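Below: the structure, in structure tokens.
The values are calculated or read from the model by the stated rules, or taken from the named source; none is laboratory data. None of the values given here were measured: they were computed from a predicted structure. Note that we place each Cβ from the backbone using ideal geometry, even for glycine, and neighbour counts take in every protein chain shown. Accessible surface areas use protein heavy atoms only, side chains included; no ligands, DNA or RNA. Shrake-Rupley method; radii C 1.70, N 1.55, O 1.52, S 1.80 Å.
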Amino acid sequence: MKSSRDHALLSDVAALLVCGLVAGLVVALTMLPLVSATGLAAKAGADSFEHLPSELKTEPLPLRTTVTASDGSPVTTFYGDENRVHVPLSRIPKVMQDATIAAEDARFYEHHGVDPRGVVRALVQNARGNTQGASTLTQQYVRLVLFSQAKTEEARRAAIAQTPARKLQEMRYAIALEKKISKAEILERYLNIAFYGNNAYGVGAAAQAYFSTTADKLTATQAATLAGMVKSPTTYAANRRATLDRRNYVLQRMGDLGFLSPSAVTKAKASVLAMKKRDTPRRCLANGSLPGGGITAKNGWGFYCDWFRSWWLEQPQFGRTVEERRNLLETGGFKVKLALDPDVQAKAQEQVENVHDRGSKWGTAVVLLDPKTGRVKAMAINRTFSQQRNPGNKPFPNSVFPYLTGSAQNPTQVGYHAGSTFKIFALVAALKKGIPLAQTIRSPGVYVSHKLAPPGESSCRGGDGNYYYCPRNYDVGGKPISGTFNMWNGFGASINTFFVPLAERAGLDNVINAATSMGIRLFPGALQDPNGDGKGDYINSATYLKQNDILPFTLGQGAEVYPLYVASAYGTLANRGVHCAPSPVLEIRDSNNKVVSTGQPKCKRVLDAGVADAATDAARCPVGDQPLGGSCGGPGGPTASSVGSIIDRPVAGKTGSTPGNSAVWFAGFTPNLAGASVITNMDKPSDENTNGNDARSINEVFARTMMAGLKTLPREDFVAPPDRLARGVSAQVPSVAGMDVAGAQDKLRGAGFQPQVETIRENSGYAAGLVSRTDPWGGTYTSKGSVVTVYVSNGTSAPSRDNGGGNSGGGTPSPPAGGVTPGGPPSGNGTGRGGRGPGRWG
């Protein structure tokens with residue numbers, strides 16, 4: 001009896017002889033009539049065959065990326081031209097392996113890449129006019145690899161061309177491949193590269209596309225159906241009768257080869273074709289066909305999913321260009337677990353739709369994230385992520401616009417004005433300069449800032465006849481509230497005329513820097529290019545805001561932002577000054593199941609912990625919570641007490657709204673969860689007022705969604721602010737009125753203060769160029785190291801404005817109520833409303 005080695009050797013020799021014979025025939029045919037088709041031709045053919053390339057270069061197969069929620073629920077898949085998921089042979093049932101062999105290559109385990117019997121049989125049948133193929137599974141695999149890796153249409157045609165030369169090369173590759181890898185590996189590779197129709201490449205995708213199952217659960221009947229489709233996938237995917245006939249043929253072959261018993265074949269052939277063709281979910285549109293989950297219109301996961309896609313396209317680790325990153329997402333075979341918490345998301349979706357349903361023009365949204373990692377637990381909006389046309393050509397409820405996050409791929413879309421939620425950045429900038437929470441500022445009903453402005457609703461005329469930006473407080477008893485405030489009660493009552501002068505003292509650039517470092521992302525917006533030379537400004541960029549001294553930024557005007565980044569910025573305070581970039585992922589694993597570092601939190605300290613703790617202490621006042629370093633008491637009161645009532649643990653935050661209440665916000669946090677909520681006409685931003693109850697409603701959307709997110713988190717307490725930033729070191733401000741500016745600055749520095757000279761001179765009884773007063777007043781006590789504003793006389797004795805602080809030298813009488821000259825009354829509503837409904841500025 002011959003050994004298996006002898007048998008293999010004979011098979012190899014036979015295969016070589018057959019290939020040499022075929023090659024000889026080819027050469028003979030091409031060289032006829034130059035040589036005769038005899039031994040010379042056969043020898044030339046064999047020599048040619050031996051010199052053909054034998055090393056088949058294989059690239060990784062394109063594999064789809066699968067995405068799940070934090071609890072493992074399927075969300076969606078991403079793939080390009082080929083929808084494929086790799087399945088190892090150990091997870092492909094034997095019945096599927098047997099069905100493939102029965103359908104395509106019954107002698108698979110006997111030949112060595114090329115089946116001599118098959119070649120001879122095919123030659124004989126073809127000579128008789130009966131077309132018959134002779135490709136083994138190994139040859140088919142070679143052909144599929146060459147086709148899959150072809151970079152051009154011409155190369156793809158060449159990979160499947162019905163030519164003797166192409167066939168010889170295929171044989172050469174097949175014989176060499178069988179010497180290099182095992183039959184099992186060849187079969188595994190084949191089952192993962194084969195096309196089954198319906199955009200399903202590989203048995204894993206095919207099992208889902210036709211039977212909504214996984215490869216390891218395929219039955220004999222299902223396996224025979226899929227194995228039969230490979231011969232002509234387009235035909236069988238479109239013709240159920242042809243598919244049934246082909247399935248039954250494969251079942252019969254399985255019986256003939258002993259893979260199935262006769263009774264099993266009979267039973268299987270009698271069964272109906274239980275095949276329900278369905279498209280595999282792709283990207284972020286509603287796709288409830290995923291087994292065990294998927295995006296639906298109801299659960300609202302589509303917007304989160306699309307943010308993940310946008311996030312991926314911004315990660316340089318995934319490629320140099322957006323196109324390279326997109327290709328990797330669709331072909332890299334990653335397993336992505338999102339930070340999306342289905343339970344919290346469901347509560348968030350319920351809350352936003354309780355306020356305004358999806359048919360409302362008022363977009364209502366909320367975002368929640370873990371401040372210690374940046375991972376986003378939920379983002380909900382009363383819209384449906386869909387490309388379907390809306391009734392009446394409205395822009396809602398169906399839309400794929402990134403309402404909650406914006407997109408770097410469309411940076412001209414900038415978001416919405418965030419109102420007084422931005423006051424936190426003036427507060428942080430002031431704290432960074434050493435101004436303590438206890439420092440007071442006299443805050444008139446209307447404040448005349450240093451910022452020149454055109455005549456209009458937010459401006460008033462100063463003593464010099466020019467118009468200035470003039471923020472105004474909300475009305476109490478028919479006139480704007482005024483008084484002396486510190487950072488605790490000023491933030492709690494949302495006093496515009498406290499925070500604008502605070503921003504002037506801290507420096508607007510520092511306010512903007514605080515915002516961007518804490519997490520506010522400003523998409524640049526449209527290019528303002530009046531000269532048409534491409535050298536204009538992007539009007540929502542930090543550079544533009546600084547260069548043009550956009551002081552209304554302090555009150556959330558002049559710049560626009562999306563809720564994700566407001567939540568992220570407030571989360572920096574929750575995390576005691578460490579900012580963690582917003583992330584949609586818990587974990588990313590590559591096709592080899594190795595964790596990818598790109599999915600890990602990216603955190604950086606951007607504030608001193610004491611500064612963050614102090615800002616948090618002030619942020620407890622708007623919700624009616626009790627600060628640890630001071631008191632919220634004073635004029636006005638909390639703008640969002642309902643938040644403190646609903647959330648049964650330490651909480652901080654801030655209301656915000658825009659002129660006319662065209663947008664109402666709440667942003668806030670506990671030590672372990674942060675978020676932001678907003679109501680506005682997101683599809684058509686305008687000055688139209690929201691519903692009178694929306695300011696209260698958006699606070700409750702935030703609070704009730706937070707409670708769902710906090711359900712599984714431990715109670716944590718905030719940290720008390722350091723005394724230097726709460727109360728500071730008390731010192732007396734020296735009297736410098738009537739002194740020259742340089743001498744006054746030296747005297748103030750000597751007393752431990754930071755002098756800041758007001759550039760616009762004011763009316764005073766002192767000679768022009770001398771100091772008229774300071775803020776705080778000379779002789780009063782305030783925190784050492786604080787900023788003391790120095791006002792300079794213009795030499796005119798008439799009063800000009802009441803900006804707080806008072807007269808330390810006796811030369812300036814008290815100004816008229818309202819703080820402006822009689823010839824320049826403020827008009828309109830000023831800037832920055834919020835917290836308590838109509839008329840309440842926040």
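Across the cross-link table entries Lys167/Lys231; Lys372/Lys784; Lys347/Lys604; Lys94/Lys594; Lys94/Lys151; Lys337/Lys594, which are compared at the Cα atoms, the separations over 24 Å belong to Lys372/Lys784; Lys347/Lys604; Lys94/Lys594; Lys94/Lys151.
Other residues within the sphere of radius under 11 Å centred on the Cβ of Ala430, judged by their own Cβ, net out at +3 (K and R +1, D and E -1). Scanning residues 5 or more positions from Ala69 or on other chains, those with amide H under 5 Å from its amide H are Val75, Leu338, with H placed 1.01 Å from N in the peptide plane. Rounded, prolate or oblate: which one fits region 152-252, using the alpha carbon gyration tensor with axes a ≥ b ≥ c (rounded when a/c is under 1.5, else prolate when a/b beats b/c, else oblate)? Note, shape of region 152-252 comes out prolate.
Rolling a 1.4 angstrom probe over the protein heavy atoms with all chains in place gives region 449-522 an accessible area of 31 Å² per residue.
Taking 7 Å steps out from each Cα toward its Cβ at Ala264 and Asp475 produces label points 8.5 nm apart.
All other residues whose Cβ lies under 15 angstrom from that of Ile186 are scored, Lys and Arg at +1 and Asp and Glu at -1, for a net of -2. What shape does region 646-761 take by its C-alpha gyration tensor, where a ≥ b ≥ c are the square roots of the eigenvalues and a/c under 1.5 counts as rounded, a/b above b/c as prolate, and the rest as oblate? Because a/c hits 1.5 or more and a/b fails to exceed b/c, region 646-761 counts as oblate. Placing unit charges on each Cβ (+1 for Lys and Arg, -1 for Asp and Glu) gives region 554-656 a dipole about its Cα centre, and among Ala615, His579, Leu564 the Cα reaching farthest toward its positive end belongs to His579. List the trypsin sites (Lys or Arg not before Pro) within region 305-350 that fall in a DSSP loop (any state other than H, G, I, E or B) and whose Cβ has at most 13 other Cβ atoms within 10 Å. Listed in order of number, the matching sites are Arg320. Ligands, DNA and RNA are left out, and with a 1.4 angstrom probe the accessible area of region 236-352 is 48 Å² per residue.
With a Förster radius of 22 Å applied to the C-beta separation of Phe147 and Lys180, the computed FRET efficiency comes to 0.60. Spatial offset of region 516-553 relative to region 156-172 amounts to 59 Å, using the alpha carbon center of each. Subtracting the Cα-Cα distance of Thr598 and Asp81 from 0.36 nm times their residue separation leaves 183.6 nm of extension gain. Ranked by the mean number of other Cβ atoms within 10 Å per residue, highest first, peptides 642-651, 150-159 order as 642-651, 150-159.
Place a point 7 Å from the Cα of Ala346 along the Cα-to-Cβ direction; which residues of region 66-87 have their backbone N under 17 Å from it? In region 66-87, the label zone of Ala346 (backbone N under 17 Å from the point 7 Å along Cα→Cβ) covers 69-75.
Annotation: extensible slack from Lys57 through Thr234 equals 60.9 nm (criterion: 0.36 nm per residue apart, minus Cα-Cα distance).
Counting only heavy atoms of the protein chains and using a 1.4 Å probe, Trp362 has close to 20 Å² of accessible surface.
Modelled spin-label separation between Val741 and Met707, with each label point placed 7 Å from Cα along the Cα-to-Cβ direction: 5.6 nm. Peptides 730-739, 762-771, 712-721, ordered by how many other C-beta atoms sit within 10 Å of their residues on average, highest first, read 762-771, 730-739, 712-721. Applying 1/(1 + (r/R0)^6) with R0 = 51 Å to the Cβ-Cβ distance of Ala165 and Gln388 gives a FRET efficiency near 0.50. For region 538-637, the solvent-accessible area with a 1.4 angstrom probe is 34 square angstrom per residue. Within the accessible surface of region 354-484, defined with a 1.4 Å probe on protein heavy atoms only, the carbon and sulfur portion equals 47 percent. Straight-line cross-link partners of Lys479 among the lysines, defined as a Cα under 26 Å from its Cα and at least 8 positions apart when in the same chain: Lys423, Lys451, Lys654. Scoring 340-346, 354-360 by mean Cβ neighbours within 10 Å over their residues and listing the highest first yields 340-346, 354-360. Just check region 450-604 against the gyration tensor rule for me: Cα atoms, a ≥ b ≥ c as the square roots of the eigenvalues, rounded for a/c under 1.5, and otherwise prolate or oblate depending on whether a/b exceeds b/c. In terms of gyration-tensor shape, oblate. Note on exposure: Glu314, Glu330, Glu457, Glu350 ranked by accessible area (1.4 Å probe, complete protein assembly) read Glu457, Glu350, Glu314, Glu330, with the most exposed listed first. Heavy-atom surface analysis with a 1.4 Å probe gives region 535-693 a carbon and sulfur content of 44 percent of its accessible area. Per the Kirkwood formula on distinct C-alpha pairs, the Rh of region 686-746 is how many angstrom? The Cα-based Kirkwood calculation yields 18.0 Å. Between Ala581 and Leu527, full extension at 0.36 nm per residue minus the direct alpha carbon distance yields a gain of 16.8 nm. In region 344-431, the C-alpha radius of gyration followed by the widest Cα-Cα span (Dmax) gives 15.6, 52 angstrom.
For region 600-652, treating each Cα as an identical point scatterer without solvent, what Debye log10 I(q)/I(0) comes out at q = 0.19, 0.24, 0.28, 0.30 1/Å? Log-scaled intensity ratios, in q order: -0.69, -0.89, -1.04, -1.12.
Reported to the nearest whole Å, the Cα centre-to-centre distance from region 254-329 to region 601-621 is 44.
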